[in-house]
Amino acid sequence: MERIYQATVGALRSNSYLLVDGGSSEAIIIDAGDEPHKILAMLKPGFKVRRIVATHGHFDHVLAVDDLREALGVEFLIHREDQAVLDILPESTLRILGVSLKPPKPDAYIEDGDIIQVGGLALKVIHTPGHSPGSSCLLTGRTLFSGDTLFAGSIGRTDIPLADPERIVESIKAKLYTLPDDTVVYPGHGLQTTIGSEKRTNPFVRA
Ligand SMILES: [Zn+2]
Ligand SMILES: [Zn+2]
C-alpha cells in the first residue's frame, strides 16, 4: 500500500508530495517547489527517498530541487519537453519573484508511458501537455498526481509562455477523464478531488 504525505510550500502555495511504498519504505518526492526544510520534514526515520520528479518545470514546482538533491543524493527527473520551461526560469523568477534564479539541471528525462518504480509501487508517467509542453501526471493504482493540469474545480493556466489552451483540454479529456471515476487526484495546488467529481462539475472541461 502506498502512503502519501503533503507539504504546501512557497509564494504560490504549491503542493509537494512524498509517496512512500509501505512494504519497502522506498519513497519519491513529487514536486519540490520551495522551502526544502518543509519537504524534508515529511520524511520519517527509515524512509528511503530514491528520486525527485517534477510534474513540470515552473519555478513553483522545482525551486527546492537542488537543495534536496544535495541533501538526499538522488536524481531529478522531468519530461524532456519541459527543458524549455526550465531554460526560461531565470526570466520567469525575475518577472514574478523579482530575483533571477537558476533552474535545476535534470539528471534524466521521463516520457509518456514510463514506469518509475518506487519499491513495490509502479508510478506511470502520463504526458498531459497544455499548461506546459512537458506537463506530466503520475499514476499509481487509483492515485493520480496531476501537477498543474487538473485542479479541484479548475485547470492549469494557459495564458503564460509555452502553454497551449487547446492541448490542455485535449489532454484532460483523453488521458485523465478516461481513468476510473474513483481515482483520487492530488493536484499541484489546492485540495484533492476525484476524476468522477471533476467530470461532473469542473466548469472548464466537461466530460
Ligand atoms: Zn505550473
Ligand atoms: Zn504551480
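Taken together, the values in this text are just the output of simple stated rules run on the coordinates, not laboratory data. Nothing here was measured: the structure is a model prediction, and the numbers come from that model. Counting neighbours? That spans all protein chains shown, and the Cβs are built from the backbone with ideal geometry, glycine included.
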### Message
Quick check on the exposure proxy: order Asp112, Asp67, Asp159 from fewest to most C-beta atoms within 10 angstrom.
### Response
Asp159, Asp112, Asp67
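Diagonalise the Cα gyration tensor of region 34-117 and give the resulting equivalent ellipsoid semi-axes, square root of 5 times each eigenvalue, largest first, whole Å. Numbers along the way, then the final one.
Numbers: eigenvalues 99, 64, 16 Å².
After diagonalising the Cα gyration tensor, the semi-axes are 22, 18, 9 Å.
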### Query
If the cut-off is a Cα-Cα distance under 12 Å, which aspartates and glutamates reach Lys44, setting aside same-chain residues fewer than 8 apart in sequence?
Glu26
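Please get the size of the charge dipole for region 55-188, origin at its Cα centre, with Cβ charges of +1 on Lys and Arg and -1 on Asp and Glu, quoted in debye to the nearest 20.
Details: 11 positive and 20 negative charges, 31 e Å.
In total the dipole reaches around 140 debye.
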### Task
Would you please classify the overall shape of region 110-207 from the alpha carbon gyration tensor, given that a ≥ b ≥ c denote the square roots of the eigenvalues, rounded means a/c under 1.5, and beyond that prolate means a/b larger than b/c while oblate covers the rest?
oblate
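What percent do you get for the relative contact order of the chain when only Cα pairs under 8 Å and 6+ apart count? Working shown, then result.
Working: 483 pairs, mean separation 31.4, N = 207.
Computed value for the chain: 15 percent relative contact order.
Taking the number of other C-beta atoms within 10 Å as the exposure measure, put Met1, Met42 in order starting with the fewest.
On the way: Met1 9, Met42 18.
Neighbour counts put them in this order, fewest first: Met1, Met42.
Name the longest site-free stretch of the chain, where the excluded sites are trypsin sites (Lys or Arg not before Pro) in a DSSP loop with no more than 16 other beta-carbon atoms within 10 Å. Don't skip to the end; give the middle numbers.
On the way: sites that count: Arg13, Arg142, Arg157, Arg206.
The segment 14-141 is the longest one with no such site.
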### Task
Would you mind telling me the antiparallel percentage of the DSSP bridges in the chain, rounded to 5?
65
### Task
Straight distance only, please: which lysines reach the Cα of Lys38 with their own Cα at less than 25 Å, same-chain residues fewer than 8 apart left out?
Lys48, Lys102, Lys105
### Fewest-first ranking of Asp107, Asp21, using other Cβ atoms within 10 Å as the exposure measure
Asp107, Asp21
### Task
Starting from the Cα gyration tensor of the chain, multiply each eigenvalue by 5, take the square root, and state the resulting semi-axes largest first in whole Å.
23, 22, 15
